[in-house]
Amino acid sequence: MGAVTSSMAAKFAFFPPNPSSYGIGVDESTGKNKITGVETRENVDVLKLCTRRGNNIVALYIKNTLASLTLLYSHGNAADLGQMYELFSELSIHLRVNLLCYDYSGYGQSSGKPSEQNTYADIEAAYRCLIEMYGAREEDIILYGQSVGSGPTTDLAARLPNLRAVILHSPILSGLRVMYPVKRTYWFDIYKNIDKIPFVDCPVLVIHGTADDVVDCSHGKQLWENCKEKYEPLWVKGGNHCDLELYPQYIKHLKKFIAAIEKSSRQRTDPGPTSDQLDIPRNSIDFREKSRPSVDQRENSRRSVEFKDKARISTDRREKSRSGRDKSRKSVDRTERLYNGADIPEKPRNSIDRLGGMVRSVGLCNIDCFRPSATHDKDDALTC
C-alpha cells in the first residue's frame, strides 16, 4: 500500500528543476560551504543537513540582526533554492525575521528522490537544525508552507504543541483533492492537510488567490475554517497560484501578521519535546518500511528522532464530509513574480526592482501541482 502512495506522490507531485539553478562549493578562505550561481551574502549560511532517511539536503539560513522570530519556509514545486534565493532574502528583510529555507530530497543539490515521506524527514531536519545549531526555541518559530510545501508544514505543525504560528500560502486540502472533487480521504491520498489542520494549536494565517486555477481558493478556505486558532485570512482578489507576491496586500498582510505574533505572549503549559523525547521512534507508512495492515486502519505514527511522539491523524477514522466542491485543475503553471516594488521598506532599496526583472526574465514557476502529464522536462519546469 505504501509503495502505491509513494509512487503516486512521485508521479503527480514532484517536478524538481533540471538542471539545478545553483551549485555548492567551498570557500577556501573560511572552509565553509558557499552557494554558487547567485549573489554571495555575508548573512547567509549554506548548510548540508542529514535527514533521518539518510538524504543530505541543502539549506540556507538567512540572519537578520533585528529578528526575534524565525521563519522556516517550505517552498512550492518546480523550484529550488537558487530560484527562490532573492525572494527569501527580501522576506527576511521586509518581515525582520531570520529565515531558514531548504530544498527537498531530489531538489537542487539535495540528494535522494522526492517523496511524501522524504519531505517530512526534510522539514524535520531543518527544524532540528534551527533548534540545535542556532538555538531557536519552538515558541519563536513560524512555519511557512507554499502550495506543495503546505504538506510537510501542516504535518510538522500538528506535532509541535508550542509552535508560534503557521502561514499557509496557496495550500492544498490533499493531493487527491487537487485532481478530483472527492469529499472523503482515501488511504492512497497524500498530504492530507484537511485531516491534520484541526490538530495545529497555534495561530494560522491562510493566503490564497481567488483566481487560482491550479489549487482552487476553496482549498484555502476549508483549511482556514478547520483551524483552531484562525488569524484574519488574505483572499487576494484576482490572484493566481504563482503571482501573489506581486500584490501590495501580500507583504502588508504578512507584516501585520508578524507584528501581531511578536506582540502576543504565548504561554503554554505543555513544555514541548525534550532532548529525551526527541529519540522516541515513530513508524513510517512509506513503502521502504512496514506498510499498513489495512486501508481502513488508523495510520501509524512515522519514525522521528527529534520530536515528541504525537499520533498522526487517522484519515479513515476521522472522515467528514467537506463543504464545497473541489474542481479539476489546469496543469499550466503561472509565472512566479516577486514584490515588484510594492510596499517600499523604511530605506530606499533597489534590490526589489532588480529582482522583479530577474524573475520575469527567468519565467520562474514553483508548482506543477499533482496534475499528471506525459512529459515533464526542463522547459516544463521553467516556463508557463
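The values are calculated or read from the model by the stated rules, or taken from the named source; none is laboratory data. Note that the structure is a prediction, hence the values are computed from the model and not measured. Because the Cβ atoms are built from the backbone with ideal geometry, glycine has one as well, and the counts that use them run over all protein chains shown.
Laid out as a table, the results:
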quantity	calculated
Tally, over segment 240-269, of residues that are modelled with pLDDT under 95 and among the small types (Gly, Ala, Ser)	2
Filtered residues of segment 231-248 (kept if more than 20 Å from Met84 (Cα to Cα), outside any strand (DSSP E or B) and not aromatic (Phe, Trp, Tyr))	Glu232, Pro233, Lys237, Gly238
Scan of segment 203-222 for residues that are crowded, with 24+ Cβ neighbours inside 10 Å, in contact with a Lys or Arg (Cβ under 8 Å, 6 or more places away or on another chain), within 16 Å of Tyr144 (Cβ to Cβ) and not aliphatic (A, V, I, L, M), ordered by number	His208
Gly272 being in contact with a helix residue (DSSP H, G or I) (Cβ under 6 Å, 6 or more places away or on another chain), surrounded by fewer than 20 Cβ atoms within 10 Å (Cβ to Cβ) and either at pLDDT 95 or above or not hydroxyl-bearing (Ser, Thr, Tyr) (or both)	yes
Subset of segment 104-115 that is crowded, with 24+ Cβ neighbours inside 10 Å and touching a helix residue (DSSP H, G or I) at 6+ places or on another chain (Cβ under 7 Å) - its residue that is nearest to Tyr85 (Cα to Cα)	Gly108
Candidate set from segment 223-235 (those that are in contact with a Ser or Thr (Cβ under 9 Å, 6 or more places away or on another chain) and either among the charged types (D, E, K, R) or crowded, with 23+ Cβ neighbours inside 10 Å (or both)); member that is nearest to Thr153 (Cα to Cα)	Leu223
Residue ID - nearest to Glu90 (Cα to Cα), chosen from residues in segment 242-256 that are crowded, with 17+ Cβ neighbours inside 10 Å and out of contact with any Lys or Arg (no Cβ under 8 Å at 6 or more places or on another chain)	Ile251
Residue that is surrounded by the most Cβ atoms within 10 Å (Cβ to Cβ) [pool: residues in segment 177-202 that are touching a Cys at 6+ places or on another chain (Cβ under 7 Å) and in a helix (DSSP H, G or I)]	Ile197
Qualifying residue in segment 132-140 (condition: crowded, with 24+ Cβ neighbours inside 10 Å and either in contact with a Pro (Cβ under 7 Å, 6 or more places away or on another chain) or not hydroxyl-bearing (Ser, Thr, Tyr) (or both))	no
Filtered residues of segment 44-68 (kept if free of Cβ contacts under 8 Å to residues at least 40 places away in the same chain and surrounded by fewer than 13 Cβ atoms within 10 Å (Cβ to Cβ))	Thr65, Leu66
Count - residues of segment 115-137 that are closer than 24 Å to Asp189 by Cβ and outside any helix (DSSP H, G or I)	1
